[in-house]
Amino acid sequence: MIEVNVLPADYQSAVDNGTAVFPKIDAGDYFSIALKADGTVWTWGENTYGELGINDKTVTQSGAPVQVVLDNGSPLEDVIDISANIYAAYALTRDGSVYAWGRNYYAALGQGTGSDYYQYYPIKVKSTDGNGFFGAGLSNKAVKIRAGVHSAIVIMDDGTAYAWGYNNYGNLGTNGANNTLPNKIIGVNNAFDAEVGTYSTAILNRDSTVFTVGYNGYGERGVGNTSNSSLVQKMQKSADGGEFKGVVSLGRGDHHGAYVTFELKDNITDSTDAFDNYVYSTGINTEGITGTNTTNWTNVYPVRVTTDGTNPLTDISQITAGYRFHVALTNTADANVYAWGYNHVGQLGHGVTGGISTLPTFVDKNNSGTEKLSNIMMVESGDNASHVLAVSKTGGVYVWGLNNQGQLGDQTTDNSPYPVVVGSSPVSLDSKVLRLHPTDEADVTATSSATVFSLFNTSTTTTSEVTWRILNPNIAEIVSSTPSDATGGLTSTTVKVRGLKTGSTVLIATDSLTGKTVATHITVSEGFTNPKIAIGDGYVIALKADGTIWGWGSNTNGRVGIDTATPVIATPTRIDQYINPNNDQRFDLDAETIVDIAAGPDHVLAVDKNGQVYAWGMNNYGQLGISAYKYDSASLPVLVKALSNVFAVKVAAGADYSVVLTDDGYVYSFGNNTRGQLGTADVNGSQHPTPVLMRGVGGNGTLGGVVDIAAGAAHTMLLLGNKTMWIVGDNTEKQLGVDTTKDGNTYTATIVEVDLPADANSSTGDKVEAAALSAGPYNSAFMTADGRAFVWGNNQYYQVLNDAAGEKVSLVSQINIPNETSGIVDLQFGGSRSAQTHIAALTDSGKVYTWGAGSRGQIGDNSQTEKVSKPTYIPVNNTNVWGVAVGGTNTSAILTDGYVYTWGASDLGQIGNGTAGQSSDTETNELVPAKTGEDYISLDEYFVTLHEGETSVINPVYNKFFNVMQNTDSSVNFSASSINGNIASVSGLTINPVSTGKTQIIVSGGGRQTTVEVTVLMNGYKTLPQVAAGEGFTVALDKDGKVYTWGKNDLGQLGDQGKENRIVPTEITFDFGNPSNYITRIETGNGHTVAVDNTGKVWAWGRNDLGQLGNGTRNNSNKLYRLIFLTAQRLLKSV
């Protein structure tokens, strides 16, 4: 057997003069070591015991490579081989000297003492007698060093071998000799290589046979029994006898071994095909380490590793072993890597963490699972290690697995289930959220804090570069970019982004070395944010451009979010407070706060500018991110404290669950999981109130790189920055687009990839690229940047627009609107929980088309057709539409001027125009788009009190209600006129008192009116005295604004918190909060009283059997109740 090392052409002179060094890598328990082609040694990871060899005990770990130095600070040089065990490292120099550093546990450093101490810089291993250094006086020279657990073995050029260190099971093969100094391994005279496991050792002979020695309780030595031995024995191929031969590579773990063979064929007909290439395993198999698709306990003879349980794994050139796993390098042109066995920290490198793999699987290049690691020339791990190193043919080092001490060398301590690049920290962006106005520009910079580490200091080194793209270049564009620096490796690169038109999109940066993606979420808006409508079952939530949120419609379980028991809110009402669940304290939700909303059938989610998440409404499944034992529902937004340490950029609400996307590309989910929609790889328990990270491919690890999300009734869609789309959850209507029935299920709890169709517009056969996701209750959809839309899933109501496709469509199908030349920019689904879904499509020319279920008028074509099979154009106020929203049995449109129109069911106030059905048993519908809200004029004062000689100026504001883009219109001209000019006259907008009394001033503008009540008083009066009488009771208002009551009180008519009749007028007390406030007007009904104070607040008390008090109940009240949602402005406007 001959070992051939090939170096880049840059090293030709070194090869010619005999000074060439072929680079090496190895893994300790929590550190890594590398030998460069220049003969220097580098380490990274833990340094608790001096493993890094940098002569600095103050450094406990390093997340980037550092150079090994001697005690005088000069570098350790002219090294030709290296190795590592659990806590120590070794280097072999060209002159045959062996250096060691780290922990001397079990005499691992070969210094003649078993004392446990730490060595922080390299020292020479001593000679066999302890009087000199190893190699001195020997007739032969060391050529290789191998280490494991707390021991090391040196292979000599004459085929002999020496060992020292841990020898509890005779694993050094020295038959019990002193292990504190190097001793010759008995019976070894033809050694070519070795691998030292935790409790046993394997020695590869020059004739391709293998000796093993040491512990054998699981048959790991491959000698046909489970007996230990302190003397080497040859491995046997099987119980029938015969040597195990043809071995070219070894791997050794704690109780397992791995071997690559090239076995000479019996009948050779082609000299280029003379060998059968196989991989074998021995020993323990509880984690599937043998790669035979089994987990049988022991294997005392070598068993052949397979790809599927039957067919052998072949085309392998090298093998290595870590703790309970194996890694193999292919000898194909692609030079890929396989791994199998234990995967608790992602050491198998296929993008997931946890579980085992009983068959070899390819190591991925990144977390997408779509690209294999390739172009590799060497792989290594350690017998007790849980991380793997791989060297590319250009000298870069990939590492994956455990990273608790920085052993991956990427300047973090985050475990990685896919390869990261040593020396180059993960690419990060300086801006993960960007808000622009159209034509505004901003820079986004990708940075990495180090140069890529390479074992070759040559021009062949692969450097890291960043490629940029924008999901939807119609929203924002990349104007310019600066290249990465010229020193090799990414230092920084910047792009300038310009906003083009209102909307949201994502800027994605991809690292060329790892394929990892990072993203900046871009919002281009005219105001603080872009407006949005979200519709649930019978209610509507609106986000205005000023960052305020509003609600109307059915208020069951508090879903409107305004903390009232009133069952129906018929006009848009501001949601202006939230609750901190830690102490139930309330805080204001100010303007310019909220940036995104989502509505499920019964609950709502919102995100603020600081990435905090709020939730309200129903909480029976924990969909609010808070235990249902604390809140079974919430009528005010509740801060989701469990997400306070992440920055959310988008939310999606399913039927009874919630999904949150963070700025670093991770996805949290909570709520109902009975269909696996949370993506947690299980469906155990239905209530999950604590947000959990969505898991990766195969149900293990953490999914990353996500740039968009969408939620259906019980399935979740995920778009990754690498252009792939994934989906999880319910599949009863084929909404996943994949077949899950082969597993006997109509759902999947682990993410599966959507097979995107080939792009008909691509000349190179590329697949369609999604720009945004959308999900219906039982449908999935996405839009492309060029205006195409694709749908799949339920088709009972023609959602897929294919009559012949059947009621369930798994094929991703393009939506075509006949005779429409404009592209589709948005697609929204109704239904919430039901397959009775209707769809609204918005084109880039501002047109709305609807189809599907229409029995409640939600199509908007002045009909109640049960099923509409073709897209129907819906003109909305003859104005272009900016955005659409669909949910339940309603549709809403935001016009380009900001006004909102809604149609469909109206019995619960969904239209938002102040009307609602009078009975829950009566359905009422709005069959064509109807304006939500009504514009009005507001004043700073509705009640003006003047004394003789005083004047007052009216300051009217024209309010665009309900308008999500603009709150007011400053272009409106106002006029005013007095009803009774004998009491007060008006000049322009100035009020002039004439004589004592009350009158009204009518203020007009923009086709709207409002009224100012003017009271002219004698000096010393706050208001005009007034007396009003009900049935058996009297209420009086004096000149100071105090209220007195007397008479009948059985219904609380007197407002004194009692029920006793009184024959003497008694003052009643109002809880104004401000002692300067007072009542200006009173009115009585048959058994109740209404009063207005000087700030316009309305108060009521007394009889309430018909809801006279407006407090959401039918209970009489002897307490003064303030109508918190009613002001004198609206009272007067409705009179």
Look at the stretch 631-650 and say how many of its residues are β-branched (Val, Ile, Thr), under 16 Å from Lys432 (Cβ atoms) and crowded, with 23+ Cβ neighbours inside 10 Å.
1
Taking the stretch 623-664 only, how many residues are at negative phi, in contact (Cβ under 8 Å) with a residue 40 or more places away in the chain and touching a helix residue (DSSP H, G or I) at 6+ places or on another chain (Cβ under 9 Å)?
7
Which is free of Cβ contacts under 8 Å to residues at least 24 places away in the same chain and not in a loop (DSSP other than H, G, I, E, B), of Glu195, Glu263?
Glu263
Quick check, is Leu895 at pLDDT 95 or above and farther than 27 Å from Lys867 by Cβ?
yes
Looking only at the stretch 449-483, and only at residues there that are surrounded by fewer than 18 Cβ atoms within 10 Å (Cβ to Cβ) and of a type outside the set (S, T, N, Q), the one that is modelled with the lowest pLDDT
Pro483
Top-ranked residue in the stretch 1014-1056 [being crowded, with 21+ Cβ neighbours inside 10 Å and of a type in the set (S, T, N, Q); ranked as nearest to Thr1080 (Cα to Cα)]:
Thr1023
Go through the stretch 213-257 and count every residue that is of a type in the set (Val, Ile, Thr) and either assigned to a loop (DSSP other than H, G, I, E, B) or in contact with an Asp or Glu (Cβ under 8 Å, 6 or more places away or on another chain) (or both).
2
Matching residues in the stretch 1-49 (of a type in the set (Gly, Ala, Ser) and within 35 Å of the chain's Cα centre (by Cα)) number 5
Hey, does the stretch 63-70 have a residue that's surrounded by 24 or more Cβ atoms within 10 Å (Cβ to Cβ) and either in contact with a strand residue (DSSP E or B) (Cβ under 6 Å, 6 or more places away or on another chain) or farther than 30 Å from Thr201 by Cα (or both)?
yes
Could you please find all residues in the stretch 196-220 being of a type in the set (Asp, Glu) and either over 45 Å from the mean Cα position of the chain (by Cα) or farther than 26 Å from Leu264 by Cα (or both)?
Asp207
Flag if Leu661 is buried (at least 24 other Cβ atoms within 10 Å of the Cβ), modelled with pLDDT of 95 or more and within 24 Å of Gly346 (Cα to Cα):
yes
Kindly state which strands (runs of 3 or more DSSP E) lie completely within the stretch 830-912 and contain at least 1 residues that are of a type in the set (Gly, Ala, Ser), crowded, with 20+ Cβ neighbours inside 10 Å and in contact (Cβ under 8 Å) with a residue 40 or more places away in the chain.
838-843, 848-853, 881-887, 890-895, 900-905
For Ala785, which of the numbered conditions (1) assigned to a strand (DSSP E or B); (2) more than 17 Å from Ala840 (Cβ to Cβ) fails to hold?
(1)
In this structure, is Ala519 outside the structural domain of Ala770 (by TED's automatic domain parsing), in contact (Cβ under 8 Å) with a residue 40 or more places away in the chain, assigned to a strand (DSSP E or B) and among the small types (Gly, Ala, Ser)?
yes
Only residues that are small (Gly, Ala, Ser) and either free of Cβ contacts under 8 Å to residues at least 40 places away in the same chain or surrounded by 14 or more Cβ atoms within 10 Å (Cβ to Cβ) (or both): list them for the stretch 919-951, please.
Ser919, Ser920, Ala930, Gly933, Ser938
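The values are calculated or read from the model by the stated rules, or taken from the named source; none is laboratory data. Everything numeric in this text was worked out from a predicted model, so none of it was measured. Cβ coordinates were reconstructed from backbone atoms using ideal geometry, including for glycine residues, and neighbour counts include every protein chain displayed.
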